[in-house]
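These notes are about the structure you will find just below.
The values are calculated or read from the model by the stated rules, or taken from the named source; none is laboratory data. Note that this is a predicted model, so its numbers are computed, not measured. Cβ sites come from the backbone with ideal geometry, for glycine too, and all protein chains shown count toward neighbours.
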Ligand code: GDP
């Protein structure tokens, strides 16, 4: 795999490198690891934006409009996806229809669907590495799309600089249906489909969210904003970009961007180590057997979780020697 070709912005090389990253073969993993280390010095020069929202809210329409706008301003836009449905049932919420047709034919865009196998953690891990590859290939805006299902929003929020949630102009229902914790993740709520009859309703919804967000984020340097847009009618798309640009400037001034990325990297490292340890526990036959026995004991009230965990770790340590 040729790092130079990626650095030159060769899209085929980029696509091949992402395929390498997504591969499960040990040899490929090794090669991918080497490639990433070679490219690491050329990564990080982008703004990483997370875009979330329930199916039908207009994510692909927004990404198409927003992406085309950004490219017209001279940017290079990569679109990655974290689709939590594909690893679980083999189907896909996001990938079935032909999405973002216009953008995918644009020279300034690179679109990659969600990896199709592995756990959500695995998919997220591959997406993190794909971000780095896209940055090395000169993409200065990375959009990472996900649906509001399960943990995927949390995964995406933990790998981006700025996280926005798309909503519908329907205050009541949306506030009811809103997932706990999502407002804590959001740097912006973007209310889409603000066109036709929805305009009044959207204005009410905006003030609902503004007060909700004000309570949640009292001290952060950035006060999450609510934007009203119509992705279909191309309304206030420039407003969203202006907001993101302002966020980037402020977060660089406050040294927040660097520290956010550093702490995301640290969390990621910790997660990887924990996952590897869990795998090692499973692969150690003695420990694995003991875990099963102790789980049964725990259910039957023969041991406590604390004592069982001590015993498991002791056995595991001996097994390692
Ligand atoms: P996704 O599932 O979140 O990617 O949603 P889509 O982008 O596929 O949009 C779902 C439907 O909503 C499509 O029929 C779009 O044409 C429509 N839609 C998207 N954005 C807007 C908008 O700004 N206004 C209106 N009226 N319809 C929209």
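So which residues in segment 197-218 are within 13 Å of the ligand (Cβ to nearest atom) and more than 17 Å from residue 165 (Cα to Cα)? If you could, list the steps in order and put the result at the bottom.
Let us first name the residues in segment 197-218 that are within 13 Å of the ligand (Cβ to nearest atom), namely 197-199, 201-202.
Residues satisfying the conditions are 197, 198, 199, 201.
Quickly run through segment 293-321 and pick out the residues that are farther than 30 Å from residue 155 by Cα and surrounded by fewer than 10 Cβ atoms within 10 Å (Cβ to Cβ).
Selection gives 299, 300, 301, 320, 321.
Just give me the residues in segment 10-50 being closer than 22 Å to residue 158 by Cβ, exposed (fewer than 15 other Cβ atoms within 10 Å of the Cβ) and within 20 Å of the chain's Cα centre (by Cα), in sequence order.
Within segment 10-50, 40, 44, 45 qualify.
Identify, please: which residue in segment 151-181 is within 16 Å of the ligand (Cβ to nearest atom), in a helix (DSSP H, G or I) and buried (at least 21 other Cβ atoms within 10 Å of the Cβ) and is, among those, modelled with the highest pLDDT?
156
Residues in segment 244-271 that are at negative phi and outside any helix (DSSP H, G or I): how many? Please lay out each step first, then the result.
Pass one, segment 244-271, residues at negative phi: 244-254, 256-271.
Remaining after also requiring outside any helix (DSSP H, G or I): 254.
Number of matching residues: 1.
When residue 184 is evaluated against the numbered criteria (1) surrounded by fewer than 20 Cβ atoms within 10 Å (Cβ to Cβ); (2) within 21 Å of the chain's Cα centre (by Cα); (3) within 16 Å of the ligand (Cβ to nearest atom), which criterion, by number, is the only one it fails?
The failed condition is (3).
Checking residue 216 against (1) in contact with a helix residue (DSSP H, G or I) (Cβ under 9 Å, 6 or more places away or on another chain); (2) in contact (Cβ under 8 Å) with a residue 12 or more places away in the chain; (3) within 30 Å of residue 196 (Cα to Cα), which test does it fail?
(3)
Can you tell me which residues in segment 248-273 are exposed (fewer than 11 other Cβ atoms within 10 Å of the Cβ) and at pLDDT below 90?
If the condition is that a residue be exposed (fewer than 11 other Cβ atoms within 10 Å of the Cβ) and at pLDDT below 90, then no residue fits.
Taking the condition of being in a loop (DSSP other than H, G, I, E, B), in contact with a helix residue (DSSP H, G or I) (Cβ under 8 Å, 6 or more places away or on another chain) and either within 12 Å of the ligand (Cβ to nearest atom) or within 15 Å of residue 59 (Cα to Cα) (or both), how many residues in segment 219-243 meet it? Reasoning before the result, please.
Let us first name the residues in segment 219-243 that are in a loop (DSSP other than H, G, I, E, B), namely 219-224, 229, 231-234, 236.
Imposing the further condition that a residue be in contact with a helix residue (DSSP H, G or I) (Cβ under 8 Å, 6 or more places away or on another chain) reduces the set to 221-224, 229, 231-232, 234.
Still in the list and also either within 12 Å of the ligand (Cβ to nearest atom) or within 15 Å of residue 59 (Cα to Cα) (or both): 229, 231-232, 234.
Count: 4.
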